[in-house]
């Protein structure tokens, strides 16, 4: 098969279009014929060697963290799926024609979605549902603040918060145009952090109470303001660290507000944990994906062979929503 493998160059890492051996599904796995794959910020770190990646049969590391396509073969012990079924999944090696994934984390693609739309979803819906519902414990009527809301995960987080009954949804960006584009998704108050003080604006929008849940995709650069934006017994879920990993924390303020700081990642999850997360997400969100209440937001689609150019576009931060790679089997 063909795949985009991570190769060394003078800049520390690049992508190369190579022939590599076809993967073989093991016990409980399916072989997925990839039709499209989504880009994630972690892909950039993966290319630089700063994010875990799985080597293929050739020993080469294939880029990518999610994919959508058709079941091409079943490994021993697979139940509930058949060859030809359309599925999407978080997986290793999504920048390829084929990959393997455990059948219990694969998600059936609703008939209303294209492969490109489906490929934009696995990381975002799984990550954000786990952050908002399981870890953030968002209750109906509570308020939520979503940082970096125009990102691929941010646009999904807005919609999930609405679906789960959030009373008020606040969202941050550094662009008025992006905030305007997010409003139809369910944002009650957009905050441009380039010109509005975050904590003061959040408190004003919540009548001085603060928000109950913060889904933080930024990290260090907004951490102090995020803490000040939390309501009594509020929960901050740390999902991403685009603005840095290291910051200071006033422990006395933390104690007085009785807030919870929760970190999430899939890098330390067991297979059993990932299956449980996928099952909870399917139960809550698949009906909404099928009937259009939760919809993918795709910014641009690139051919898989132009994956490096797509990643460079991601670094401009121009996008609203997801950047998708159309697989070679769909004509790139």
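From the Cα gyration tensor of region 1-146, with a ≥ b ≥ c the square roots of its eigenvalues, which class applies: rounded if a/c is under 1.5, or else prolate if a/b is larger than b/c, or else oblate? Note, shape of region 1-146 comes out oblate.
Could you tell me the distance between the Cα centroids of region 1-29 and region 222-240, to the nearest Å? The two parts, judged by their Cα centres, are 38 Å apart. Helix content alone sets the calculated 222 nm mean residue ellipticity of the chain: runs of n ≥ 4 DSSP H residues at -39500 (n - 2.57) each, divided across all residues, give -8500 deg cm²/dmol.
What is the Å³ per residue value for the convex hull set by the Cα atoms of region 76-123? Provide the component values of the computation, followed by the final result.
Details: hull volume 4.4 nm³, N = 48.
Per-residue hull volume (Cα only) is 92 Å³.
Order by neighbour count: 221, 238, fewest other Cβ atoms within 10 Å first, most last.
221, 238
Here the Gaussian network model covers the chain, with springs between Cα atoms less than 10 Å apart; of 186, 80, 243, 80 fluctuates the most. As a proxy for reagent exposure, ranking 58, 151 by other Cβ atoms within 10 Å from fewest up yields 58, 151. Note on the chain: Rg/Rh from Cα positions, Kirkwood definition for Rh, rounded to two decimals, is 0.98. In plain terms, the bigger the Kirkwood radius, the slower the diffusion; for region 127-263, with that radius from Cα pairs, at 25 °C and 0.890 mPa s, Stokes-Einstein puts D at 171 µm²/s.
Using 0.36 nm times the number of residues separating residue 17 and residue 60, minus their current alpha carbon distance, what extension gain do you get? Intermediate results must be reported in sequence, preceding the final value.
Values: separation 43, 0.36 × 43 = 15.48 nm, distance 1.15 nm.
Result: 14.3 nm gained on full extension.
In region 209-242, which residues have a backbone nitrogen under 17 Å from the label point lying 7 Å from residue 252's Cα in the Cα-to-Cβ direction? What the label zone holds, given the 17 Å backbone N cut-off, is 228. Spherically averaged projected area of the convex hull of Cα atoms, region 165-233: 4.7 nm². Cβ-to-Cβ counts within 10 Å put 142, 29 in ascending order as 142, 29, the fewest first. Under a Gaussian network description of the chain, with springs only between Cα atoms under 10 Å, the residue in 316, 79, 174 that fluctuates furthest is 316.
In a solvent-free Debye calculation with one equal scatterer on each Cα, what is log10 I(q)/I(0) for region 38-102 at q = 0.19, 0.20 Å⁻¹, listed in the order of the q values? Those come out to -0.75, -0.81, one per q. Note on the chain: with a GNM built from Cα contacts shorter than 10 Å, the maximum mean-square fluctuation among 107, 246, 169 falls on 246. In this rough spin-label picture, where each label sits 7 Å from Cα along the Cβ direction, the residue 290-residue 266 distance is 2.3 nm.
Given a Förster distance of 45 Å, report the FRET efficiency between residue 81 and residue 45 from their Cβ-Cβ distance, rounded to the nearest 0.05. After rounding, the FRET efficiency stands at 0.90. So if I take the centroid of the Cα atoms in region 143-166 and the same for region 242-312, what is the distance between those two points in Å? Using only Cα atoms, the two centres lie 10 Å from each other.
Every number here is computed from the coordinates shown, using simple stated rules; none is lab data. Please read these numbers as outputs of a predicted model, since none were measured by experiment. FYI the Cβ positions are ideal-geometry reconstructions off the backbone, even for glycines, and counts take in every protein chain you see.
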